[in-house]
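Trainee: Pasting in a structure now, in structure tokens, and then I'll have a few things to ask.
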Amino acid sequence: MLNVILCGAPGSGKGTQSQFIVEKYGVQHLSTGDVLRAEIASGSELGKKIDNIISKGNLVPDELMLGVIENYIASLPADCKGTIFDGYPRTVAQAESLTSLLEKYRMDAIMIDLLVDEQLLIQRLIDRGKVSGRADDNLNTIRHRLAVYHNQTEPVAHYYLHQGIYFPVNGNYAMPDVFIQIESIIDRETKR
Ligand code: B4P
């Protein structure tokens, strides 16, 4: 089973690379960002609360995210080839919860960290904002999201480094060239 925890700053290409991984390896894709946006689109009371948080560039509370992940893992089909955890965990508390859940279900994982220069991240998100209509893809919110990333999400890399499953990737290149690096890590690590 192939479980990949795909991390990186906003706009680092997590969603983009997840699609390539799904196509090549036939695994499931869990994007916590997509799950949250679907809840917003449903117009529920919860969705309104989430919208208020995301549009300001903040992270949704850990307890809420844990519920999403628990439900997801518990409902995986028996013949599942694995999962891309796209955008989860974003805090050390989320990483600890995910470790406990994976242990409970006897699942292994590797963590791939997409590293991209800050100027490029900002440019990509501004470009995406022109077509995505996402409330969080504007310059002020992008700057705040990057600050949140440095404060709350970057420590997650150290957490996985200590666990010995941390694999950095240079995400500054064109999409197919980023995927070549990811492929080589997955192919090498799944042969072990
Ligand atoms: P996400 O939906 O995860 O989105 P993201 O970080 O903004 O973007 P991603 O890295 O997926 O970039 P993409 O491939 O689209 O999060 C949104 C929000 O949801 C968060 O800010 C937070 O509020 C909330 N949230 C989500 N998960 C949470 C959690 N676990 N806990 C709490 N809150 C949570 O790429 C960006 C753009 O760049 C695209 O237009 C793409 O085409 C382009 N691009 C990608 N790779 C490129 C490349 N190599 N070269 C050129 N362009 C590239």
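Trainee: In terms of modelled amide H atoms, which long-range or inter-chain residues lie less than 5 Å from the amide H of residue 3?
Mentor: 83, 110
Trainee: Between region 1-68 and region 73-120, how many Å separate their Cα centres?
Mentor: 11 Å
Trainee: Dividing the alpha-carbon Rg of region 118-192 by 2.2 N^0.38 Å yields what?
Mentor: Region 118-192 yields a ratio of 1.36.
Trainee: Still on this structure, please answer the following. Out of 153, 99, 83, any idea which swings most in a Gaussian network model of the chain, alpha carbons joined below 10 Å?
Mentor: 99
Trainee: What ³J(HN,Hα) values, in whole Hz, does the Karplus curve 6.51 cos²θ - 1.76 cosθ + 1.60 give for region 72-86 when θ = phi - 60°, with x put for Gly and Pro?
Mentor: Result, rounded to whole Hz: 4, 5, 5, 9, 5, x, 4, 8, 4, 7, x, 9, 9, 8, 9.
Trainee: While we're on this one: So for the chain, Kirkwood radius off the Cα pairs, Stokes-Einstein at 25 °C and 0.890 mPa s: how many µm² s⁻¹?
Mentor: Numbers: Rh = 17.1 Å.
Answer from the Stokes-Einstein relation: 144 µm²/s.
Trainee: Just to check I understand the Karplus step: with θ = phi - 60° and J = 6.51 cos²θ - 1.76 cosθ + 1.60, what whole-Hz values come out for region 9-14, glycine and proline as x?
Mentor: Once rounded to whole Hz, the list reads 5, x, x, 6, x, 4.
Trainee: Would you work out the charge dipole size for the chain about its Cα centre, treating the Cβ of every Lys and Arg as +1 and the Cβ of every Asp and Glu as -1, and quote it to the nearest 20 debye?
Mentor: 200 debye
Trainee: Report, in deg cm²/dmol and to the nearest 500, the calculated mean residue ellipticity at 222 nm for the chain, where each DSSP H run with n ≥ 4 adds -39500 (n - 2.57) and the sum is divided by the residue count.
Mentor: -18000 deg cm²/dmol
Trainee: For region 63-151, count all C-alpha to C-alpha pairs, find those more than 19 Å apart, and express that count as a whole percent of the total.
Mentor: So the pairs more than 19 Å apart make up 53 percent of the total in region 63-151.
Trainee: So which of 49/81; 48/130; 24/130 end up more than 25 Å apart by C-alpha? Spell out each step's value before the answer.
Mentor: Numbers: 49/81 34 Å; 48/130 23 Å; 24/130 29 Å.
Flagged as over cut-off: 49/81; 24/130.
Trainee: Quick one: P(r) of region 1-58 from all Cα-Cα pairs, 5 Å bins, percents rounded to integers, in order of increasing distance.
Mentor: Distribution as computed: 4, 16, 23, 19, 16, 13, 7, 1 percent.
Trainee: Turning to a different aspect of this structure: With θ set to phi - 60°, apply the Karplus curve 6.51 cos²θ - 1.76 cosθ + 1.60 along region 147-161 and write out the HN-Hα couplings as whole Hz, x wherever there is a Gly or Pro.
Mentor: Going residue by residue, I get 5, 4, 4, 4, 6, 9, 9, 4, x, 4, 4, 5, 4, 6, 4 Hz, with x marking Gly and Pro.
Trainee: Can you compute the charge dipole magnitude of region 53-97 about its Cα centre, using +1 on each Lys and Arg Cβ and -1 on each Asp and Glu Cβ, nothing else charged? Give it in debye, rounded to the nearest 20.
Mentor: Dipole size: approximately 180 debye.
Each reported figure results from applying straightforward, stated rules to the coordinates on display, with no laboratory input. From a predicted model like this one, the values you see are computed outputs, not experimental measurements. As a convention, Cβ positions derive from the backbone with ideal geometry for all residues, glycine included, and neighbour counts pool all protein chains shown.
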